[in-house]
Amino acid sequence: MNDLGVKGLGEGGAIAPQAVLANAVEDALRPFGVVVRRGPLSPSRVRDLIRTATADG
């Protein structure tokens, strides 16, 4: 709390970007059957997701 008795709202903006990026990657890789369950989405993790999805399906 601050002198006005209110809490800041700046922290909320840091939560959504990861979910937005995960959804965008999943949408882009839908033809490969990729499902993003967790982050972070590093390049090697995205490659692993593609390999796993193509091996499974």
Cβ pairs under 8 Å, 6+ apart, first in the range 1-20 and under 30 Å from VAL36 (Cα atoms), second at pLDDT 80 or above: GLN18/GLY39; GLN18/PRO40
Qualifying positions in the range 34-55 - loosely packed, with under 11 Cβ neighbours inside 10 Å and either touching a Gly at 6+ places or on another chain (Cβ under 8 Å) or assigned to a helix (DSSP H, G or I) (or both): PRO43, SER44, ARG47, ALA55
Checking ALA19 against (1) at pLDDT below 90; (2) over 13 Å from the mean Cα position of the chain (by Cα), the condition it does not meet: (2)
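The values are calculated or read from the model by the stated rules, or taken from the named source; none is laboratory data. Just so it is clear, the model here is predicted, and its values are computed rather than measured. All Cβ positions, even for glycine, are placed from backbone atoms using ideal geometry, and neighbour counts span all protein chains on display.
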